[in-house]
Amino acid sequence: MASRSLRSVGAGFRADGVVPSSLRRMAQTISNERGRGPVSGTAVGKRGKRKPFLIDFYSTAVGKKYVMAVTGIIGIGFVIGHMVGNLKAYLGVIDHQGSRAYDIDVYGEYLRELLVPILPHGYFLWIMRIGLIAAVLLHIHAAYSLTILNRKARPVKYQSSRDYQVANFASRSMRWTGIIVVLFLFWHLADLTWGWFNPGFEHGAVYRNLDASLSRVPVAVLYIVANIALGIHLFHGTWSLFQSIGWNNPRFNQWRKGLATGVATLIVVGNVSFPIMTLAGVIEYDASVPSVQEVSE
Amino acid sequence: MSQHLKNITLKIWRQVGPSDRGRFESYLVPEISDEASFLEMLDLLNEQLISEGKEAVVFDHDCREGICGTCSLMIDGQAHGPQKGTATCQLHMRKFESNDTIVIEPWRASAFPIIKDLMVDRAPLDRIVEAGGFITAETGGAPDANLIPIPKPVADASMDAAECIGCGACVAACPNGAANLFTGAKMAHLNLLPQGQAERFQRAEAMVETMDEHFGSCTNHGECEAACPKSISIDVIALLNADYLKAKFKNRKNLSRI
Ligand code: HEM
Ligand code: FES
């Protein structure tokens, strides 16, 4: 890249003093080094067989940012829905088909029943899971490849310290907060979905498992730290996605920072409350409450 | 009343040529008027270096009134120095104080190879403009200025974008070495106007994809806007993104007609 650019400058700038061949052409001709003819209003369209739209679009940096923004919105939607669903833990025990049951256990069972007469039991939950997995993988792939691109765009760093004006901690730590969130995601699934790290794990006994996990202080701390990282990620992400998608309306721009603060605060306050309230004893499992499975049988 | 600053230390990046590793060298400016511009201060340093038989510090400059976009310089970690909304040539020594140490570095980006000392080659910005920074117009006598009515807010928005002097401070300031503010400004300038509509979507696709070949990717830090000597808003980046997506659809559709 460097040598290509150098060739289009005046000969006097060349350290070796050689007049490059491209300069012997007229000053106004367009460098033809990429095999592209002179650009005119009609000559920019690409010839030959085109790649499918999404692949073509995703191959550019701007396209990847669109994908990051859209998958980010899916992520935000999930995270908010997930947090609101978990608030059911605070509703404690309810009456379920004439027996006592934890509300959040009933809710967990309901998620598997979504769209049930249309789809078999558990299918819709799997459709959502596959969608979320795809979104996370695309988000990570785009983040990774853009990070590589950005490294290449400045291989030699500034040798003196930068004095950033508006870039903030959130915007500058996106890669780190993102990695923390994904590592946490693995732990979280292994803990509360697969039950590997959960003492006495019982499938479907959501309230029991939650209490068993979050009563451990190190685990509670992990949940708090990871959710603060998620909040920081979403603080920049929620603001940034409007730019990436090109949603720029002078009338609403002033709301973007407020929305970002709101989303980040909502997520952090909601999610951090669970470990704190478990340690405080507000969320406390009572073994005399039968599990939803027992009730249904 | 002009005053004099004393004992300014300059740490300047010296690099013999593109393949030299380069290093900082320190120079002492014993006394300088606060009315001197930053570049005049460098001129005086160079006079002194030449009189001592040493090599002058190479830096870019031309109009020295903030309109040509030739001057550059990373001054104390900020593109175009500590003064907002101005180019390096408009910076004056009154922004500094006696006994200050001022660090001066060239723009750094793989698209901007260092030619010598503080001078970089910004030709990739020209590649972007070549790709779409033009309109088709009739030749012959100049048309009347009011031939095509343009709503005032539209004309203003376009003029705000057209203020871009192509200095590359946005790339220099961007932690990712992205040129989205430059490209967005050049696109918005034409895409907002009726005269720019014929090539609008070809322009969007061609300019963005040319940008992609040379520069990094925007992560919406906003450092470019803060560094821009014309304070061009990152709104033009949102417009770039919106027009690029539209262009990908429309150009495909148009190509499938032929
Ligand atoms: C390995 C995991 C992750 C990594 C490495 C990662 C990394 C990134 C990076 C580098 C950006 C671009 C930052 C920028 O434009 O300044 C970003 C944007 C974003 N991320 Fe993540 N992220 C991860 C996980 C997540 C998760 C789980 C969510 C949602 C809950 C999320 C939501 C967002 C949003 C909404 C954006 C804004 C998109 C945009 O700028 O247009 N990310 N992420
Ligand atoms: S020298 Fe022309 S803009 Fe600074």
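The values are calculated or read from the model by the stated rules, or taken from the named source; none is laboratory data. Computed from a predicted model, the values in this text were never measured in an experiment. Methodologically, a virtual Cβ is constructed for each residue, glycine included, from the backbone with ideal geometry; neighbour enumeration extends over all protein chains shown. These accessible areas exclude ligands, DNA and RNA; they are computed on the full protein's heavy atoms, side chains included. Shrake-Rupley method; radii C 1.70, N 1.55, O 1.52, S 1.80 Å.
For the stretch B:161-258, what ratio Rg/Rh do Cα atoms give with a Kirkwood hydrodynamic radius?
0.99
For a quick check of your reading of the filter: which chymotrypsin sites (Phe, Trp or Tyr not before Pro) in the stretch A:223-297 sit in a DSSP loop and have no more than 12 other Cβ atoms within 10 Å?
Within the stretch A:223-297, the qualifying chymotrypsin sites (Phe, Trp or Tyr not before Pro) (loop, at most 12 other Cβ atoms within 10 Å) are A:252.
Would you kindly state the longest site-free stretch of chain B, with sites defined as trypsin sites (Lys or Arg not before Pro) in a DSSP loop (not H, G, I, E, B) surrounded by at most 14 other Cβ atoms within 10 Å?
On the way: sites that count: B:21, B:54, B:84, B:257.
The longest uninterrupted stretch comes out as B:85-256.
Can you tell me the dipole magnitude for chain B around its Cα centre, using point charges on the Cβ only (Lys, Arg +1; Asp, Glu -1), in Debye to the nearest 20?
1040
What do you get when you divide the Cα radius of gyration of the protein assembly as shown by 2.2 N^0.38 Å, with N the number of residues?
On the way: Rg = 29.1 Å, N = 555, 2.2 N^0.38 = 24.3 Å.
Scaled against compact globular proteins, the figure is 1.20.
Show the residues, 5+ positions off or on another chain, whose built amide H is closer than 5 Å to the amide H of residue B:216.
B:178, B:179
Among the chymotrypsin sites (Phe, Trp or Tyr not before Pro) in the stretch A:69-134, which ones are in a DSSP loop with at most 14 other Cβ atoms within 10 Å of the Cβ? Mind listing them?
Taking the stretch A:69-134 and a limit of 14 other Cβ atoms within 10 Å, no loop chymotrypsin sites (Phe, Trp or Tyr not before Pro) are found.
In whole Hz and in residue order, list the ³J(HN,Hα) couplings for the stretch A:213-218 that follow from phi through the Karplus curve 6.51 cos²θ - 1.76 cosθ + 1.60, θ = phi - 60°; x for Gly and Pro.
Here the 3J(HN,Hα) series is 6, 7, 6, 7, 4, x Hz.
Tell me, what ³J(HN,Hα) does each residue in the stretch B:228-240 have, in order and in whole Hz, if you take phi through Karplus 6.51 cos²θ - 1.76 cosθ + 1.60 with θ = phi - 60° and put x for Gly and Pro?
4, x, 10, 6, 5, 7, 5, 3, 5, 6, 4, 5, 4
By a straight-distance test (C-alpha under 19 Å), which lysines pair with residue B:84 as possible cross-link partners, with residues fewer than eight away in the same chain excluded?
B:95, B:230
Can you classify the stretch B:1-116 as rounded, prolate or oblate using the Cα gyration tensor, where a ≥ b ≥ c are the square roots of its eigenvalues, rounded means a/c under 1.5, and otherwise it's prolate if a/b beats b/c and oblate if not?
Since a/c reaches 1.5 but b/c is at least a/b, the shape of the stretch B:1-116 is classed as oblate.
If you roll a 1.4 Å probe over the stretch B:5-116 with all protein chains in place, what percent of the accessible area is carbon or sulfur?
Roughly 46 percent of what the probe reaches on the stretch B:5-116 is carbon or sulfur.
In whole Hz, what ³J(HN,Hα) sequence does the stretch A:139-144 give by Karplus (6.51, -1.76, 1.60; θ = phi - 60°), x for Gly and Pro?
So the J values, rounded to whole Hz, are 4, 5, 4, 5, 4, 5.
What residues from the stretch A:102-126 fall in the zone where the backbone N is under 19 Å from a label point 7 Å along the Cα-to-C-beta line of residue A:286?
The answer is A:102-107, whose backbone nitrogens lie closer than 19 Å to the label point.
Amide H to amide H under 5 Å from residue B:33: which residues, 5+ apart in sequence or cross-chain, H placed 1.01 Å off N in plane?
B:5
Using label points projected 7 Å from each Cα along Cα→Cβ, tell me how many nm separate residue A:179 and residue B:198, to one decimal.
5.2
Could you state the orientation-averaged shadow area of the convex hull built on the Cα atoms of the stretch A:44-159, in nm² to one decimal?
13.3
Using 1/(1 + (r/R0)^6) with R0 = 41 angstrom and r between the beta carbons of residue B:154 and residue A:277, what's the FRET efficiency to the nearest 0.05?
For residue B:154 and residue A:277, the calculated efficiency is 0.15.
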